[in-house]
Structure formats: C-alpha cells, structure tokens
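Worksheet for the structure shown next.
The values are calculated or read from the model by the stated rules, or taken from the named source; none is laboratory data. Keep in mind the model is a prediction, meaning the values are calculated, not measured. Positions of Cβ are generated from backbone atoms using ideal geometry, with glycine treated the same way; all protein chains shown enter the neighbour counts. Ligands, DNA and RNA are excluded from the accessible area calculation, which covers all protein heavy atoms including side chains. Shrake-Rupley method; radii C 1.70, N 1.55, O 1.52, S 1.80 Å.
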Amino acid sequence: MPFGGNADQLTVPFWSTAEIEGALRRTIAHLTERRVLAYPTETVYGFGTAVDFDSVEALVRMKGRPPGKPFLLLIGSVQHVGRLDLHMPTYAADLAARFWPGPLTLVLRGGEGRVPPRLRGPEGGVAVRFTPHVGLQRLLHAYGEPITSTSANRPGVPPAMVASEIVSQWPDEIRRGLLHVLDGGRLEPSKPSTVVDCTGRRARVIRPGVLAASQLRGVVPDLLGDT
C-alpha cells in the first residue's frame, strides 16, 4: 500500500522532531516486512533494509545490484557491532571511540551466520558506520537493529539529494509499497565518509573521505594509506 506524506503523497515527512517520532511506527513495520526504505543521511539519501537474507535480496533486486558490490551497515549504537558478532580490534575500537558517530566507515571481520553474504566485500569484511544523522539515529534506536545502506539512485544517476528525486526514479516501487521514502529535506553536498579496513593487523585507509589520514593517525599512529 502507498504511504502518506509529501511529493504527491509518496513520501513521509522526516524533518522535525514531531515528524520523526510520527514516522517511526510505520517505518519499523515496513522494515519488519522485509521491504526497502529510503532515508536521509549525513551525506546523501540512502536505500536500506533489515539485515537478513530476504530483505537484502529485495534491495539487490530493486537496484539491480551486480555481484561483488556489497552494501554497508548503519548502526545507532556500538552495541550493534557486538550483536552481529563482528570483530573490532583494539585500534578499531580506538577509532570508533574518537570518531563515532561521524564520517568514518570501518570494515570489520566476523559476523559469520549473522550477516548475509551480500554485505561482505571481496576480502570478507563488513563495512559499518555509526551515522551522526539525528533522525536516522532515532530510527535506529527505536528499531533496535542496524540497517543496510547504499545510495538511493538508479545506475548511472547521481545519488539523490532530495526525496523528490527518489520519487521521480522509483514511482512504481513506492506505489506498490515496496519502497517507503522518508523525506528529510534537501541535503547539503558533502564528501563521503573515510573508509578504513580493520580486518588486518594494522588499520588501512581504503577510501579517502572527510577525515584525513593525519586525523586518524592522531589515534592510530601506524595507520597505512593516505587521504
């Protein structure tokens, strides 16, 4: 069934505190039904689902995601890492303590039997970020579980910065109830998060982003790579 809100009743307001609170119940039900959610983040609009095989496959099908391109996980609490049996070495815990919530994505080992294969990169790690977006943090706290994340766009199209771009690209999916869109307003352009591989003996920057290597080395001096 379609959902009420903005953009010709195809989105749900998710800006003010009252709007965020009002959106939680139906949004959590949508995730529980193993369907796809569109939501604002601190960078771009994202698509996500619950962290189970059927939910992730629904997102794979909707986006036409090719094999070998994993989704990351967004968390609202460091406790989510442990609940998925992901391994955080001491240096990763130090980085998380300093920069989470924030623009830092950590690639972690573990999660066997808990994390679907589509969430693993070529080396077997799972990318995790503690989002600083206030509305998304509230949703994750209320939901009590991480959600998957990938940019909200069709292949070859820039990631959405406003909910109406999602509506224009995915109207059928929204009307059929497969896709539920949270409208958090227009997002400001920003750099992506810095991605650090934490699956080895030493931390290694694998994607430059907001946080420079010099900032990270203030916490982990033997960090590999540069930004």
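Phi angles across the range 164-169 convert, under the Karplus curve 6.51 cos²θ - 1.76 cosθ + 1.60 with θ = phi - 60°, into 3J(HN,Hα) values of 4, 5, 5, 4, 5, 8 Hz, Gly and Pro given as x. Multiplying the residue separation of Arg201 and Arg175 by 0.36 nm and subtracting their alpha-carbon distance yields 4.6 nm. For the pair Lys69 and Gln215, the difference between a 0.36 nm per residue extended length and the Cα-Cα distance amounts to 49.7 nm. Stretching the chain fully between Arg83 and Leu224 yields a gain of 47.9 nm (0.36 nm per residue, less the alpha carbon separation).
Looking at the chain, the accessible area is 45 square angstrom per residue; that uses a 1.4 Å probe and ignores ligands, DNA and RNA.
Taking one quarter of the surface of the convex hull spanned by the alpha-carbon atoms of the range 150-198 gives a direction-averaged projected area of 4.8 nm². Here the label points at Arg34 and Asp54, each 7 Å from Cα along the C-beta direction, are separated by 0.3 nm in the simple model. For the chain, the mean residue ellipticity at 222 nm estimated from helices alone is -8500 deg cm²/dmol, where every DSSP H run of n ≥ 4 contributes -39500 (n - 2.57) and the total is divided by all residues, rounded to the nearest 500. Tilt of helix 53-63 relative to the longest C-alpha principal axis of the chain, in degrees (0 to 90, nearest 10)? Computed tilt is about 70 degrees.
About the Cα centre, and with charges only on the beta carbon of Lys, Arg (+1) and Asp, Glu (-1), how big is the dipole of the range 4-126? Nearest 20 debye, please. If you can, show how the numbers build up before the last one.
Details: 14 positive and 12 negative charges, 58 e Å.
Dipole magnitude for the range 4-126 comes out near 280 debye.
The residues packed around Glu123, meaning those with a beta-carbon under 10 Å from its beta-carbon, carry a net charge of +1 if Lys and Arg are +1 and Asp and Glu are -1.
Global dimensions of the range 40-144 from alpha-carbon coordinates: Rg and Dmax equal 13.3, 37 Å. Over the alpha-carbon set of the range 83-157, divide Rg by the Kirkwood Rh and report the Rg/Rh ratio to two decimals. The Rg/Rh ratio comes out at 0.97. Taken one residue at a time, the phi angles of the range 35-41 give Karplus couplings (6.51, -1.76, 1.60, θ = phi - 60°) of 10, 9, 10, 10, 8, x, 10 Hz. Gly and Pro are set to x.
Carbon and sulfur: what percent of the range 143-227's accessible surface (1.4 Å probe)?
Here it works out to 53 percent.
For the chain, the Kirkwood estimate of hydrodynamic radius, built from reciprocal distances between every pair of different alpha carbons, is 17.7 Å. Under 5 Å between amide hydrogens, built in the peptide plane, is the criterion, and for Val128 it picks out Leu73, Leu106, Val107, Leu108 among residues at least 5 positions away or on other chains. Taking the longest Cα principal axis of the chain as reference, the axis of helix 17-32 is set at about 90 degrees.
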